[in-house]
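Right, one structure below, let's go through it.
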Amino acid sequence: MKGVILSIAPDAAIVDLVHTVPPQNIAAGAYLLGAVYRYFAKHTVHVVVVDPGVGTERAPIAVKSPLGTFVCPDNGLLSYVLADAGVRLEADPFSHGRVPLPENWTAIHLTNERYWLENVSTTFHGRDVFAPSAGFLAAGVDPFAMGKAVPGIEAFAVPVPLRRGREVIGQVLHIDHFGNLLTNIRETDLPPTPLTVTIEEHEIDGLSPHYQSGAGLIALMGSSGTLEIAVTNGNAARFLGAAVGADVRVTGSS
Amino acid sequence: MKGVILSIAPDAAIVDLVHTVPPQNIAAGAYLLGAVYRYFAKHTVHVVVVDPGVGTERAPIAVKSPLGTFVCPDNGLLSYVLADAGVRLEADPFSHGRVPLPENWTAIHLTNERYWLENVSTTFHGRDVFAPSAGFLAAGVDPFAMGKAVPGIEAFAVPVPLRRGREVIGQVLHIDHFGNLLTNIRETDLPPTPLTVTIEEHEIDGLSPHYQSGAGLIALMGSSGTLEIAVTNGNAARFLGAAVGADVRVTGSS
Amino acid sequence: MKGVILSIAPDAAIVDLVHTVPPQNIAAGAYLLGAVYRYFAKHTVHVVVVDPGVGTERAPIAVKSPLGTFVCPDNGLLSYVLADAGVRLEADPFSHGRVPLPENWTAIHLTNERYWLENVSTTFHGRDVFAPSAGFLAAGVDPFAMGKAVPGIEAFAVPVPLRRGREVIGQVLHIDHFGNLLTNIRETDLPPTPLTVTIEEHEIDGLSPHYQSGAGLIALMGSSGTLEIAVTNGNAARFLGAAVGADVRVTGSS
């Protein structure tokens, strides 16, 4: 993919975002994109290929937005970026559907083969479709030359925390490389202190200021600005046997 | 290696091809190089270091060709690039030997220490010999300044499929990161449909258009243009217990 | 981190040094930095983040030296670079303490939030503090604008080999990706040949010229210029059950 991009846009600075997306895990790819895209300049072209449906009828798309340009399969990978722009699918957590585009966003269904490699395989559109399209976008080609605009794109339902009296119930959205559990509970969601965090029948008293500030299982506000569950110098996911989607309950004072 | 290259050629755009070559596996390194080099511009300098013989008498070489420039130990890493240029060792599959160079190719035995680091270790020629040589080539130094031309280089025998009536017998050349088995059987090798693919006593009926188009074990034409054996959302190599060199039989209609 | 650096210094050439530092292992990070920094141009800014104490009172620092510029937590990561400049903590092996700076070195305690991201997390200072500081240094900002100079920094005691008659006793400093054991015994430390190397009650007769020159357990002078213990085509650490800090004894002729 990098060879293809550099052949088309030789001055492009190419950065690998993540290599740790579990194969074909769209939710993990979407989460990791959502966690990092905002640290790049707005003119960046993000190529995001987690593509279990490669070769099926799922559409390749280019999405131009005030938050950046994204080239990816239309399979939900932009769910967290969309949520940042205020668009969320209302449905069962992590189930899929179509959502309208936020204002000032354009989505193009990439169909113009002039901007693809000559022989497109059925299995590696990252190289044959997404990389050359991204290269041409980085080189300044108008996305409208690459296909037709579409009114909406695919997303999965990003669960939002539920407040119930002095309790907040959120979910694990992602498990990182260190086994930390990353949730959807933001600082502003938290009930009044003192807090108790409950996950998989384990209770954690209070939030730690950082990873070294307790022994065993701890809860803290992580680098993405959301509640994380961690084990100091250990692996929380393995310790708890917890998976993406697991409930996390934060109980505050009454 | 990158520090050394950038010290010599500060404007070089360095791309990591693959980090997943199993240690000291020349056949895997050669396969992965063969799968990707063609997607880079022809003036690219490819530095390829899978080097179990580092410190022995195996020669460091620079090979200039119409397909690109390659800097590597002379140990067979260019076998698939050579095969693309029509040069193949005729011998038992994966056994080694010397082959003459294709037309318009030049191979230089790198012996001029002026283009190496000052203190060459016996164990890390990637950093001390190959990286600086590649840096100087990228910076425009004439390869003939770096050593003497040699008439032939090392290759291993790349197995070719055997056609026998309505049957083709090919081999697994490589197992990728997902556990897919990549073979040497090209589309043009296939007998008339309907097809049956046999590997390790498992039979697969017909080819799938893509990875999601069947349950369990499937066969499809992969991104390198050759027959692949895969398990939908799974690991075919583990499922079959198959290794590089395993026979794959495709039987067509009579 | 790369997005942050490129936003501030768009022309920076970013190189990943290593991705294989075990989480929170300062000694491994320090070793790997010490093994590679010298191969980069002296104007390079090295960002080194192995940071188990993130969010605690450990200081973020920028260190400008004739050997390069380093941006890192003040936790011992520069121990091997300091040793190269002649400064070593005298204490039990791998225990921590403070050391004065070598001549011509400047260390700045990074406190000026103008050079950080706007919302600094408590857990990811790599992105929020170290990357933007490095970006501004690469873009030419004076380090003295970023905070106050400090007279000394943290280091751990790098063990030095002990010579006793015709014997040298050194230590394993690091275990690499291949399972090779890397020691602190340099060529100039070796007693007169013939040599016997003893580790974990295994004896090795003589040094091998390279990894392929013996069967089983071998000893050789490695690419960092120090004695290594390896298993030809195997994993020495697993074979011996040896860990960092293990004694390695070299006995010479009398």
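Please report, for A:T56, the nm distances (one decimal) from its label point, 7 Å out from Cα along the beta-carbon direction, to the equivalent points in the remaining copies, shortest first.
4.8, 4.9
Starting from the range A:201-254, pick out the GluC sites (Glu not before Pro) whose DSSP state is loop and whose Cβ has at most 16 other Cβ atoms within 10 Å.
A:E201
Out of the DSSP beta bridges found with both residues in the range A:1-114, what percent are antiparallel (nearest 5)?
Approximately 75 percent, going by the DSSP bridge assignments.
Among the GluC sites (Glu not before Pro) within the range A:31-122, which fall in a DSSP loop and have no more than 11 other Cβ atoms within 10 Å of their own Cβ?
Qualifying residues, ordered by number: A:E57, A:E90, A:E103, A:E118.
P(r) tail for the range B:52-131, what percent of Cα pairs lie past 20 Å?
37 percent
Which three numbers, in whole Å and largest first, are the semi-axes of the equivalent ellipsoid of the range B:34-75 derived from its Cα gyration tensor as √(5λ)?
Semi-axes, largest first: 22, 10, 7 Å.
For the range A:104-220, what is the Kirkwood hydrodynamic radius in Å, using each pair of distinct C-alpha atoms?
Taking the inverse mean of 1/r over all distinct Cα pairs, the range A:104-220 comes out at 18.8 Å.
Just to check I understand the Karplus step: with θ = phi - 60° and J = 6.51 cos²θ - 1.76 cosθ + 1.60, what whole-Hz values come out for the range C:243-252, glycine and proline as x?
The phi angles translate into 10, 4, x, 4, 6, 10, 10, 10, 10, x Hz.
Relative to the first principal axis of the alpha-carbon coordinates of chain B, what is the inclination of helix B:26-36, with its axis defined by its Cα atoms, in degrees from 0 to 90 and to the nearest 10?
Rounded to the nearest ten degrees, it is 80.
I'd like to know which of C:P23, C:P209, A:A13 lies farthest towards the positive end of the charge dipole of the protein assembly as shown, counting +1 on Cβ of Lys and Arg and -1 on Cβ of Asp and Glu.
After comparing all options, I get A:A13.
Please compute the Kirkwood hydrodynamic radius over the range A:2-97, one decimal place, Å, based on all pairs of different Cα atoms.
With all distinct Cα pairs of the range A:2-97 included, I get 14.3 Å.
Can you give the helix-only mean residue ellipticity at 222 nm for the protein assembly as shown, where every DSSP H stretch with n ≥ 4 adds -39500 (n - 2.57) and the sum goes over all residues, rounded to the nearest 500 deg cm²/dmol?
Computed mean residue ellipticity for the protein assembly as shown: -4000 deg cm²/dmol.
Whole number please: convex hull volume per residue of the Cα set in chain B, in Å³?
134 Å³
Using Cα centres only, tell me the gap between the range B:146-184 and the range C:149-191 in whole Å.
A separation of 45 Å, based on Cα centres.
Semi-axes of the range B:155-210's equivalent ellipsoid from the Cα gyration tensor, sqrt of 5 times each eigenvalue, largest first, rounded to whole Å?
19, 16, 11
What dipole magnitude, in Debye to the nearest 20, does chain B give about its Cα centre under +1 on Lys/Arg Cβ and -1 on Asp/Glu Cβ?
Computed charge dipole of chain B: roughly 320 debye.
Pick out, in residue order, every one of the trypsin sites (Lys or Arg not before Pro) in the range B:30-95 that is DSSP loop and has at most 12 other C-beta atoms within 10 Å; say none if there are none.
Of the trypsin sites (Lys or Arg not before Pro), the ones in loops of the range B:30-95 whose Cβ has at most 12 other Cβ atoms within 10 Å are B:K42.
Can you list the aspartates and glutamates whose alpha carbon sits under 18 Å from that of C:K64, skipping same-chain ones fewer than 8 residues off?
Within reach: C:D74, C:D84, C:E103, C:D142, C:E154.
Shortest first and in nm to one decimal, what separations exist between B:T188 and its copies in the other chains, measuring from label points 7 Å along the Cα-to-beta-carbon line?
So the distances to the same position in the other copies read 6.3, 6.3 nm.
In nm, one decimal, shortest first: how far is the label point of C:D84 (7 Å from Cα along Cα to beta carbon) from the matching points in the other copies?
Output for C:D84: 3.7, 3.7 nm, nearest copy listed first.
Rg(Cα) of the range C:175-254 divided by 2.2 N^0.38 Å?
Normalised by 2.2 N^0.38 Å, the Cα Rg of the range C:175-254 equals 0.98.
Which three semi-axes in whole Å describe the equivalent ellipsoid of the protein assembly as shown, each the square root of 5 times a Cα gyration tensor eigenvalue, listed largest first?
40, 40, 26
Using 1/(1 + (r/R0)^6) with R0 = 35 angstrom and r between the beta carbons of C:N235 and C:D84, what's the FRET efficiency to the nearest 0.05?
Between C:N235 and C:D84 the formula returns 0.75.
Using a 1.4 Å probe on the protein chains only, how many percent of the accessible area of the range A:54-201 belongs to carbon and sulfur?
51 percent
Pick out, from A:A155, A:T122, A:N112, the residue whose Cα sits farthest towards the positive end of the charge dipole of chain A, with +1 on the Cβ of Lys and Arg and -1 on the Cβ of Asp and Glu.
Comparing the listed Cα positions along the dipole, A:N112 ranks first.
In debye, nearest 20: dipole of the range A:46-159 around its Cα centre with unit charges on the Cβ of K, R (+) and D, E (-)?
140 debye
Quick one: dipole size for the range C:135-254, taken about the Cα centre, charges +1 on Lys/Arg Cβ and -1 on Asp/Glu Cβ, in debye to the nearest 20.
Here the range C:135-254 has a charge dipole of around 180 debye.
So how much slack lies between B:V120 and B:S95, counting 0.36 nm per residue of separation and subtracting their Cα-Cα distance, in nm?
6.0 nm
The values are calculated or read from the model by the stated rules, or taken from the named source; none is laboratory data. Please read all numbers here as calculations on a predicted model, not as lab measurements. Cβ coordinates were reconstructed from backbone atoms using ideal geometry, including for glycine residues, and neighbour counts include every protein chain displayed. When the accessible area is computed, the model is the full protein with side chains, heavy atoms only, and any ligands, DNA or RNA have been set aside. Shrake-Rupley method; radii C 1.70, N 1.55, O 1.52, S 1.80 Å.
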